[in-house]
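Remarks on the structure that follows.
The values are calculated or read from the model by the stated rules, or taken from the named source; none is laboratory data. Everything numeric in this text was worked out from a predicted model, so none of it was measured. Every residue, glycine among them, receives a Cβ derived from its backbone with ideal geometry; neighbour counts consider all protein chains shown.
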């Protein structure tokens, strides 16, 4: 069979370009495989004119550029007023699965009595919040679907403080670009401000009517049904409002930063 020449580079053909790129996708990050199904086309590659993608560094660079482009498209499509689906209690997944980059027995034990949520960055009130103070704020519940980048999903019942309300309580600069989170298990991630202000984004303190169990993120997690699971940090110990891109644990290893579900 005669191979058609690649118009991006006369020394390469289309088949070898796609083969090399797909090999890198298949051997590395699950999220790369996910967005590749949507983005890895000749049209997507055409925006990378001049990039030699027959060697691994160039493939990684290509994937990074496509990923950042994908982030921009997702952010542009994101509707800050559109709600994710909600469900009845009878549809909850029982038991709700544990998922982390470590085993359940390694989940961090946080002393709730001594805990204080550290606040920094572009906020007017930087005082640390005790867990009891957070529980005294207005609480809401949602029964929503958690969607994992690995291909599974589960429905859970989450309770806590509307995150937009909390940001207003601390006098956060709502025109800032990012909010970054540090966690007791050394996880870290960050989100965009429109997602932070979404009506279903929640500073979660309970699960199914009980204090949030350790395996689900005690003392608190951020629940965002508009984001994939890895964007929902657990065991949060600090947050920062910033205009400097903060990255994230998986994002710094190749996962899409926006991570919309």
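Some points to look at:
- Residue under evaluation residue 99, criteria (1) more than 12 Å from residue 215 (Cβ to Cβ); (2) in contact with a helix residue (DSSP H, G or I) (Cβ under 8 Å, 6 or more places away or on another chain); (3) part of a loop (DSSP other than H, G, I, E, B), criterion not met: (1)
- Counted residues, segment 102-111 - those being assigned to a loop (DSSP other than H, G, I, E, B) and either surrounded by fewer than 14 Cβ atoms within 10 Å (Cβ to Cβ) or not assigned by TED's automatic domain parsing to the domain that holds residue 144 (or both): 4
Per-residue answers, yes or no, for (1) in contact with a strand residue (DSSP E or B) (Cβ under 6 Å, 6 or more places away or on another chain); (2) buried (at least 20 other Cβ atoms within 10 Å of the Cβ); (3) on the phi < 0 side of the Ramachandran plot:
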position: 145; (1), (2), (3): yes, no, yes
position: 150; (1), (2), (3): no, no, yes
position: 170; (1), (2), (3): yes, no, yes
position: 177; (1), (2), (3): no, no, yes
position: 189; (1), (2), (3): yes, yes, yes
position: 196; (1), (2), (3): yes, yes, yes
position: 201; (1), (2), (3): no, yes, yes
position: 206; (1), (2), (3): yes, no, yes
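- The set of residues in segment 222-242 that are in a strand (DSSP E or B) and in contact (Cβ under 8 Å) with a residue 60 or more places away in the chain comprises 223, 236, 237, 238, 239, 240, 241, 242.
- Against the list (1) closer than 27 Å to residue 141 by Cβ; (2) within 14 Å of the chain's Cα centre (by Cα), the condition residue 246 fails is (1).
- Residue match in segment 173-184 (condition: part of a strand (DSSP E or B), more than 22 Å from residue 245 (Cβ to Cβ) and more than 15 Å from the chain's Cα centre (by Cα)): no
- Residue count for segment 240-261, restricted to those that are crowded, with 20+ Cβ neighbours inside 10 Å and in contact with a helix residue (DSSP H, G or I) (Cβ under 9 Å, 6 or more places away or on another chain): 9
- Condition broken by residue 175, with the remaining ones in (1) more than 23 Å from residue 209 (Cβ to Cβ); (2) out of contact with any helix residue (DSSP H, G or I) (no Cβ under 8 Å at 6 or more places or on another chain) satisfied: (2)
- Of everything listed in (1) closer than 24 Å to residue 215 by Cα; (2) modelled with pLDDT of 95 or more; (3) touching a helix residue (DSSP H, G or I) at 6+ places or on another chain (Cβ under 7 Å), the single unmet condition for residue 135 is (3).
One line per residue, one yes/no per condition, for (1) in the same structural domain as residue 150 (by TED's automatic domain parsing); (2) under 29 Å from residue 103 (Cβ atoms); (3) assigned to a helix (DSSP H, G or I):
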residue	(1), (2), (3)
160	yes, yes, no
167	yes, no, yes
195	yes, no, yes
199	yes, no, no
203	yes, yes, no
244	yes, no, no
249	yes, yes, no
